[in-house]
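Visitor: Provided herewith is a single structure, encoded as structure tokens, for subsequent inquiry.
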Amino acid sequence: MLVIEDVLISDDLTEEKFMCDLQSCKGACCTEGDYGAPVENSEMEEITQNINTIMENLSDRSKTYLMDHNGFTFYKEPGIWGTACHEDGACIFLSNNELGIGVCGIEKTWYEGKISFQKPVSCHLYPVRISMNEISGFEAWNYDRWDICSAACSKGSKEKMPLYRFVKDAIIRKKGQDFYNELEAAAGYVSMSSDQ
């Protein structure tokens with residue numbers, strides 16, 4: 001376990017290898033699961049403000065849903081706000097490209113330069129999940145192991161890509177460059193120590 005600032009970081013983030021393989025999974029993490037992507041209040045506001053633009057990159061069924069709903073749901077278990085999901089489990093903001101790969105409509109709109117918000121940071125960080133200990137005030141960062149990501153684990157091992165480095169941009173977005181630099185330095189120290 002590493003501790004950086006107010007964050008408890010599981011050793012898995014530095015020890016495990018991971019690299020998304022969308023050709024294999026087709027974006028299954030956005031179509032399966034018990035609840036949608038966790039979202040912060042500020043993220044819900046950003047998405048709501050840009051919903052008409054984002055809808056241009058969504059499926060017809062999502063457009064129909066968003067005519068009467070705001071795209072978010074409160075999930076009693078685990079007690080978070082998240083993106084809404086269709087009955088089959090797919091995220092409301094998901095559409096498929098010509099190859100049948102799940103594409104985030106929010107991120108596609110961002111790539112097109114039409115909005116300044118990329119996507120919920122929880123999506124950007126995945127498969128790293130953040131939980132909060134309200135009593136201590138510490139965040140806990142853990143690796144969310146899921147069998148649908150087995151191809152990503154294989155690809156990460158082949159490419160020698162540590163999990164924390166795979167989500168580098170998301171970490172910097174969430175906590176800043178200095179935080180990431182400390183994490184990378186700590187990971188390097190742990191790696192050197194284990195090699196001795």
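Visitor: When the helices in the chain are scored as -39500 (n - 2.57) per DSSP H run of 4 or longer and the sum is shared across all residues, what 222 nm value do you end up with, to the nearest 500 deg cm²/dmol? List each step's numbers first, then the result.
Guide: Values: 11 runs with 83 residues, N = 196.
Roughly -11000 deg cm²/dmol at 222 nm, from the helical runs in the chain.
Visitor: Okay, next question. Among SER136, SER42, SER59, which one shows the biggest mean-square fluctuation in a GNM of the chain, springs joining Cα atoms closer than 10 Å?
Guide: Its mean-square fluctuation being the largest, the pick is SER136.
Visitor: Right, next: Would you mind ranking LYS168, LYS119 by Cβ crowding within 10 Å, fewest neighbours first? Intermediate values should be presented prior to the final figure.
Guide: On the way: LYS168 14, LYS119 22.
So the residues, fewest neighbours to most, are LYS168, LYS119.
Visitor: Calculate the spin-label point distance for ASP147 paired with TYR75, positioning each point 7 Å from the Cα along the beta-carbon direction, and give it in nanometres.
Guide: Between TYR75 and ASP147, the label points sit 1.9 nm apart.
Visitor: Sorted from largest to smallest, which semi-axis lengths in Å does the alpha carbon gyration tensor of region 72-165 give for its equivalent ellipsoid, taking the root of 5 times each eigenvalue?
Guide: Values: eigenvalues 108, 92, 46 Å².
Rounded to whole Å, the semi-axes are 23, 21, 15.
Visitor: Let me ask something else. As an exercise, identify the GluC sites (Glu not before Pro) in region 110-196 lying in DSSP coil whose Cβ has no more than 10 other Cβ atoms within 10 Å. Mind showing how you got there, number by number?
Guide: Values: sites: GLU112, GLU134, GLU139, GLU159, GLU182, GLU184; in loops: GLU112, GLU134.
Here the GluC sites (Glu not before Pro) that fit, given the DSSP loop and packing criteria, are GLU134.
Visitor: What distance in nm lies between label points placed 7 Å from Cα along the C-beta direction at ARG173 and ASP11?
Guide: Spacing of the two 7 Å Cα→Cβ label points: 3.0 nm.
Visitor: Can you grab the distance from the C-alpha centre of region 107-145 to the C-alpha centre of region 60-85, Å, no decimals?
Guide: If you average the Cα positions of each part, the centres end up 17 Å apart.
Visitor: Under unit Cβ charges (Lys, Arg +1; Asp, Glu -1), what dipole magnitude, rounded to 20 debye, does the chain have relative to its Cα centre?
Guide: Dipole about the Cα centre, nearest 20: 480 debye.
Visitor: Measuring from label point to label point, each 7 Å out along Cα→Cβ, what is the LYS114 to LEU22 span in nm?
Guide: Here the modelled spin labels are 1.7 nm apart.
Visitor: Please enumerate, by chain and number, the lysines with C-alpha under 21 Å from the C-alpha of LYS168, excluding those fewer than 8 residues away in the same chain.
Guide: Filter leaves LYS17, LYS108, LYS119, LYS155, LYS158, LYS160.
Visitor: Also, I was wondering about something else. May I ask you to sort LEU66, LEU22 by Cβ crowding, counting other Cβ atoms within 10 Å and putting the fewest first? Could you put the intermediate results ahead of the total?
Guide: Details: LEU66 18, LEU22 15.
Arranged by neighbour count, lowest to highest, LEU66, LEU22 become LEU22, LEU66.
Visitor: Please compute the Kirkwood hydrodynamic radius of the chain from all pairs of different C-alpha atoms, in Å with one decimal. Mind showing how you got there, number by number?
Guide: Working: mean 1/r = 0.0560 Å⁻¹.
Final number for the Kirkwood radius of the chain is 17.9 Å.
Visitor: Size of region 124-180 along its principal axes in angstrom, Cα-based, largest extent first?
Guide: That works out to 39, 26, 15 Å along the principal axes.
Visitor: Related question: By counting other Cβ atoms within 10 Å of each Cβ, how are MET55, MET67 ranked from fewest to most? Please report the intermediate quantities before stating the final value.
Guide: Numbers: MET55 17, MET67 8.
Arranged by neighbour count, lowest to highest, MET55, MET67 become MET67, MET55.
Visitor: In the Gaussian network model of the chain, springs joining C-alpha atoms below 10 Å, which of ILE172, ILE135, ILE101 carries the largest mean-square fluctuation?
Guide: Of ILE172, ILE135, ILE101, the most mobile in the Gaussian network model is ILE135.
Visitor: Once the Cα atoms of region 33-126 are picked out, what are the Rg and Dmax in Å?
Guide: Cα only, region 33-126: 12.3, 36 Å (Rg, Dmax).
Values in this text are rule-based calculations from the coordinates and carry no lab data. Owing to the predicted nature of the structure, the values given are computational and were not obtained by experimental measurement. Virtual Cβ from ideal backbone geometry, glycine too; neighbours counted across all protein chains shown.
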